[in-house]
Amino acid sequence: MKQRRGGSGLVALAMLVVLALPALAWDAVGHRAITWLALDGLADDAPAWLRDPVIRHAVAWQAAEPDRWRGVRDVHLIHENAPDHFLDIEDLEKYGLTLDSVPPLRYQYVAAMAVARHVHPDQVPPHNPKLDPAGQQEWPGFLPHAIVEHHAKLLSAFKTYRTLEKLNEPARAPQLEMARRNIMVEMGILSHFVGDAAQPLHTTKHFNGWVGDNPAGFTTDKGFHAYIDGGVIKHHDLTYAALKPTQTFSYTVDAANPWPAVIEHIRRSHDEMRTLYEMEKAGTLKEAAGKALIARRLNDGAAMLAALYNSAWKASAPSERDVKDFIRYDSFDPREVP
């Protein structure tokens with residue numbers, strides 16, 4: 001169920017695609033809790049309709065959508081979607097990179113890794129399409145890029161909404177309604193990837209049991225990821241209501257350059273990865289210390305998500321030039337509506 005990365009003939013290819021589906025980060029319950037907590041931290045001047053219980057429910061439900069994409073067994077969707085859910089920090093070293101030196105632009109990152117693969121073929125094994133037909137194992141992952149890209153899309157959605165509100169034209173009412181829905185969609189998608197980054201096993205090659213040298217004797221159980229995603233949450237009953245009393249909102253994000261804050265979010269999560277394995281070995285994940293660790297990760301995800309939401313909102317106020325450009329490029333005439 002939680003295998004992220006994985007033969008000829010069409011049957012073998014299809015089986016590989018199914019077996020190499022991306023690991024989830026938190027079950028839908030965890031993603032919803034993170035979203036609801038983050039929505040509690042919205043800026044006072046954020047749209048009032050985002051506080052409506054029905055809207056909050058919808059945004060939180062949307063937070064699991066990138067995992068539902070897994071239900072489409074299509075190599076193109078897997079290729080595009082799966083690597084956005086993780087960053088295997090240890091594997092960056094093979095490309096001469098560290099968490100701090102990853103290029104913030106997705107395709108510059110790919111280019112840097114492609115050059116490293118060409119220059120140092122002994123360090124970076126070539127991609128094997130027979131073992132990984134969807135290409136989801138080819139790179140260390142694009143989780144920080146997914147976060148900053150969806151943050152920018154949310155900013156754009158907010159700006160469109162605010163522009164339409166400023167125009168206040170009755171004939172544009174359907175456009176305004178669609179703008180609201182676009183905001184809800186992007187808030188949910190952004191929540192998903194921020195939540196993924198808060199789950200330590202999405203920041204490591206040891207995503208589902210320890211791999212390679214294992215002198216500490218950590219678990220290699222392929223059910224470990226599933227347990228952290230949902231089993232331990234259920235065991236400790238870490239619901240929205242249980243997490244709300246410990247939720248704080250202390251992070252800020254520069255909308256013009258969210259990358260450093262996103263990298264720090266991933267670093268905080270990765271710093272807890274080995275602790276997860278140590279606690280599993282010691283049997284303390286089911287005890288109070290384990291509950292505190294998982295709650296801390298969920299609360300941290302919500303705090304970061306709220307900061308990204310507020311950053312996008314505060315930076316989205318349209319200028320007069322923005323409004324004029326919108327009108328010109330949209331060229332809307334109510335008479336064209338069928």
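The values are calculated or read from the model by the stated rules, or taken from the named source; none is laboratory data. Keep in mind that this is a model prediction, so the values were computed, not measured. Please note: Cβ atoms are built from the backbone with ideal geometry, for glycine as well, and neighbour counts cover all protein chains shown.
Numerical summary
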{"read-out": "Subset of region 118-149 that is of a type in the set (G, A, S) and under 26 Å from V262 (Cα atoms) - its residue that is nearest to the chain's Cα centre (by Cα)", "value": "A146"}
{"read-out": "Some residue of region 311-326 being within 20 Å of the chain's Cα centre (by Cα) and either among the polar types (S, T, N, Q) or under 20 Å from P200 (Cα atoms) (or both)", "value": "yes"}
{"read-out": "V194 being within 23 Å of the chain's Cα centre (by Cα), assigned to a loop (DSSP other than H, G, I, E, B), of a type in the set (V, I, T) and closer than 24 Å to A146 by Cβ", "value": "no"}
{"read-out": "Odd one out for G212 among (1) of a type outside the set (V, I, T); (2) over 23 Å from the mean Cα position of the chain (by Cα); (3) closer than 30 Å to A288 by Cβ; (4) not in a helix (DSSP H, G or I)", "value": "(3)"}
{"read-out": "Residue that is at pLDDT 95 or above and surrounded by 23 or more Cβ atoms within 10 Å (Cβ to Cβ), where the choices are H192, H236", "value": "H192"}
{"read-out": "Qualifying residue in region 109-127 (condition: modelled with pLDDT of 95 or more, assigned to a loop (DSSP other than H, G, I, E, B) and either buried (at least 19 other Cβ atoms within 10 Å of the Cβ) or hydroxyl-bearing (S, T, Y) (or both))", "value": "no"}
{"read-out": "Residues satisfying the stated conditions in region 215-231, i.e. under 18 Å from D196 (Cα atoms) and more than 18 Å from the chain's Cα centre (by Cα)", "value": "G223, F224, Y227, G231"}
{"read-out": "Selection status of E177, among the charged types (D, E, K, R), closer than 23 Å to P338 by Cα and at pLDDT 95 or above", "value": "yes"}
{"read-out": "Any chance P83 is in contact with a Phe, Trp or Tyr (Cβ under 6 Å, 6 or more places away or on another chain) and either outside any helix (DSSP H, G or I) or among the β-branched types (V, I, T) (or both)", "value": "no"}
{"read-out": "Candidates A256, A307, A317 - the one that is on the phi < 0 side of the Ramachandran plot and outside any loop (DSSP other than H, G, I, E, B)", "value": "A307"}
{"read-out": "Single residue of region 31-66 satisfying the filter (of a type in the set (A, V, I, L, M) and part of a loop (DSSP other than H, G, I, E, B)) that is surrounded by the most Cβ atoms within 10 Å (Cβ to Cβ)", "value": "A63"}
{"read-out": "Residues (modelled with pLDDT under 95, out of contact with any Leu (no Cβ under 9 Å at 6 or more places or on another chain) and either aromatic (F, W, Y) or in a helix (DSSP H, G or I) (or both)) located in region 67-79", "value": "G71"}
{"read-out": "Condition check for P174: assigned to a helix (DSSP H, G or I), more than 19 Å from the chain's Cα centre (by Cα) and farther than 21 Å from R267 by Cα", "value": "yes"}
{"read-out": "Residue within region 282-292 that is at pLDDT 95 or above, closer than 19 Å to K159 by Cα and out of contact with any Asp or Glu (no Cβ under 7 Å at 6 or more places or on another chain) present", "value": "no"}
